[in-house]
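Working notes, beginning with the structure itself.
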Amino acid sequence: MTPVQRRRLVWVLLALLASGLATALVAMALERNIAYLYTPSEVLRGDVDAQTRFRLGGMVVKGSFNRPLGSLEAHFKVTDGDAQLPVSTSRILPDMFAEGTAVVASGRLQDGTFVADEVLAKHDEKYVPKEVADKMGQAHRKHDVPVTAPEVR
């Protein structure tokens with residue numbers, strides 16, 4: 001192997017090593033920022049590591065919303081039909097937030113309560129996030145709850 005070929009081989013190997021390192025760093029960064037969606041049943045069953053940031057999806061339990069006067073601190077429960085999990089947040093809730101509606105909250109579990117740093121609510125009466133709809137559908141099938149067909153336009 002001539003010195004020119006050896007130099008080229010070294011540069012090619014260095015380029016491969018650098019691109020592999022960059023790919024590994026990007027993959028680690030993405031993995032750390034991913035927040036998986038879980039239902040209250042999955043959380044209470046222990047499918048979620050308590051230290052992990054994740055998304056909680058389900059329906060806001062009717063009669064569970066509580067907010068002290070003059071405070072942003074809000075407390076409510078989220079259900080998937082099998083279990084209920086208390087949620088607290090000190091953030092502003094979206095305008096469409098209401099009891100009995102679909103919600104997705106991002107945050108962490110702390111002493112049996114989900115502490116949300118972001119709460120998203122459905123944007124109209126027909127919309128439910130796909131992940132929540134799939135998991136709620138499983139709960140409906142489990143409990144033989146009739147599901148109405150979506151309106152087609």
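The values are calculated or read from the model by the stated rules, or taken from the named source; none is laboratory data. Bear in mind that the values here come from a model prediction, so they are computed numbers and not experimental data. Every residue, glycine among them, receives a Cβ derived from its backbone with ideal geometry; neighbour counts consider all protein chains shown. Just so you know, the surface numbers come from the protein's heavy atoms only, side chains and all, with ligands and any DNA or RNA stripped out. Shrake-Rupley method; radii C 1.70, N 1.55, O 1.52, S 1.80 Å.
Using the Karplus relation 6.51 cos²θ - 1.76 cosθ + 1.60 with θ = phi - 60°, the per-residue 3J(HN,Hα) values for the stretch 66-78 come to 9, 9, x, 4, x, 10, 8, 5, 10, 10, 7, 10, 10 Hz, with x marking Gly and Pro. At a probe radius of 1.4 angstrom, the accessible area of the stretch 1-129 per residue rounds to 65 square angstrom. The listed residues 19, 106, once ranked by accessible area (1.4 Å probe) with the largest placed first, stand as 19, 106.
What FRET efficiency comes out for the pair residue 98/residue 138, r = Cβ-Cβ distance, R0 = 25 Å, nearest 0.05? Calculated transfer efficiency: 0.55.
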